[in-house]
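Here the structure comes first, spelled out in structure tokens, and everything after it is commentary.
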Amino acid sequence: MRRVLVTPLDWGLGHATRCIPVIQLLLKYNCKVYIAGSGDSLLLLQKEFPQLPAFTIPAYKPEYPSGGSMVFKMAMQLPRFIRVIRDEHLAIEEIVAREQIDIVISDNRYGCWSSHAKSIFITHQSNILMPARFGWLAPLVRNANHRMMRRFSVCWIPDRPGDESIAGDLISFGTFDDTIAHAYIGPLSRFIPSGKHTMQYDLLCVFSGPEPQRTLLENIVVQQVNRTTLKTLIVRGLPGNIPAAALETHATVVPFMNSVELQRAIESSECILARSGFSTVMDLTRLGGHVIFIPTPGQTEQEYLAQRLLQKDIAYSTTQSTFDLPTALEKAKQLNGFTPLREDNHLLEEAVTSILQA
């Protein structure tokens, strides 16, 4: 029996949710699976897999700016992030030795590799995009990113290659750097379309991501929802036990939903409003639907994905500062929307089989 440790990043919940199908497949192949992480992302996996041993490792706890430059805010936190990478690596080596781990699967945690176990790095950002005014930094950031990725045995890309890619330029390795072993494992989603679409809500709002931007978006959207008669469901994205101020709204509000509950909500809603994080995009690619994306201000990955999907006439996107709910709903429904993806992900199964047989 292979012993596998899965470690998702704690920047929002998306890195944890896309680890769910990986863990499910490992369990299908009778692996002994362990999970390690921090904050709400670890809590989410513990709720999904309460039977699995879980370990807490150092947390990144990123803080997003309420205004101003995202690049400057991240740069100010860089020394702490470097310390976390060092400390999480020491924690992983300790867990690997104590639990006799064979394989470590890290979702975007750069320190979660081991010199004593096969180490896999999951990322959709082999090419980290920079804002236009910081474009001169792109080669430096890219080189540092690739240098850390080389510590792993192989990089798994949760996407398809070529024209079918969701991430586009985000997964470009560049001709100068073909030394990183990598494999495409197909879009990762915890959802399997049910085919049941009895509409219960006009609008589903799913909030997520680091503070204070999660709360800022929640406040903006709730104020506009309250000026409508739309039947609305709000999922606040708060899986922890930390109390949060109640929302004054006529909408139905829940702090958090597990995978089964959230799939049911998505499939029973006319339109979904969410951040354009890559994991959210993969989930909606799987389930389908009309979507309003509001990228986190200054987060180039989300801004790029939102613009890419708008250009493909799939999903409407708007900035947080200019968001207008009636306009966004009308324009979202004029676009094609996501078409449910029903085929199985054979690329993931091939990748998992490959590492288990190695």
- Task: Test Leu203 against the stated conditions and say whether it is of a type in the set (A, V, I, L, M), touching a strand residue (DSSP E or B) at 6+ places or on another chain (Cβ under 9 Å) and buried (at least 22 other Cβ atoms within 10 Å of the Cβ).
- Result: yes
- Query: What do you reckon, is Asp87 farther than 27 Å from Val281 by Cα and acidic (Asp, Glu)?
  - Reply: yes
- Query: So which residues in the stretch 73-104 are over 30 Å from Met1 (Cβ atoms) and of a type in the set (Gly, Ala, Ser)?
  - Reply: Ala75
- Message: Tell me yes or no: at least one residue of the stretch 107-125 is surrounded by 14 or more Cβ atoms within 10 Å (Cβ to Cβ) and on the phi > 0 side of the Ramachandran plot.
- Response: yes
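Considering only residues that are small (Gly, Ala, Ser) and within 20 Å of Ala306 (Cβ to Cβ), look in the stretch 139-172 and name the one that is farthest from the chain's Cα centre (by Cα). Show your work before the answer.
Residues of the stretch 139-172 small (Gly, Ala, Ser): 144, 153, 162, 165, 167-168, 172.
Subsequent filtering for residues that are within 20 Å of Ala306 (Cβ to Cβ) retains 165, 167-168, 172.
Working: Ser165: 16, Ala167: 12, Gly168: 16, Ser172: 18 Å.
Ranking the qualifying residues of the stretch 139-172, first place goes to Ser172.
Yes/no matrix, rows are residues, columns are (1) on the phi > 0 side of the Ramachandran plot; (2) assigned to a helix (DSSP H, G or I); (3) surrounded by fewer than 24 Cβ atoms within 10 Å (Cβ to Cβ):
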| residue | (1), (2), (3) |
| --- | --- |
| Leu5 | no, no, no |
| Ala16 | no, yes, no |
| Ile23 | no, yes, yes |
| Asn30 | yes, no, yes |
| Tyr34 | no, no, yes |
| Leu42 | no, yes, yes |
- Message: For Leu329, only one of the following conditions fails: (1) surrounded by fewer than 19 Cβ atoms within 10 Å (Cβ to Cβ); (2) over 28 Å from Trp156 (Cβ atoms). What is its number?
- Response: (1)
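Quick check on Leu216: is it among the hydrophobic types (A, V, I, L, M, F, W, C), more than 20 Å from Ala332 (Cα to Cα), assigned by TED's automatic domain parsing to the domain that holds His250 and assigned to a loop (DSSP other than H, G, I, E, B)? Reasoning before the result, please.
On the way: among the hydrophobic types (A, V, I, L, M, F, W, C): yes; more than 20 Å from Ala332 (Cα to Cα): yes; assigned by TED's automatic domain parsing to the domain that holds His250: yes; assigned to a loop (DSSP other than H, G, I, E, B): no.
Spelling it out, it is not the case that Leu216 is among the hydrophobic types (A, V, I, L, M, F, W, C), more than 20 Å from Ala332 (Cα to Cα), assigned by TED's automatic domain parsing to the domain that holds His250 and assigned to a loop (DSSP other than H, G, I, E, B).
The values are calculated or read from the model by the stated rules, or taken from the named source; none is laboratory data. The shown structure was predicted, so the numbers you read here are calculated from the model rather than taken from an experiment. Positions of Cβ are backbone-derived with ideal geometry, glycine not excepted, and every protein chain shown enters the neighbour counts.
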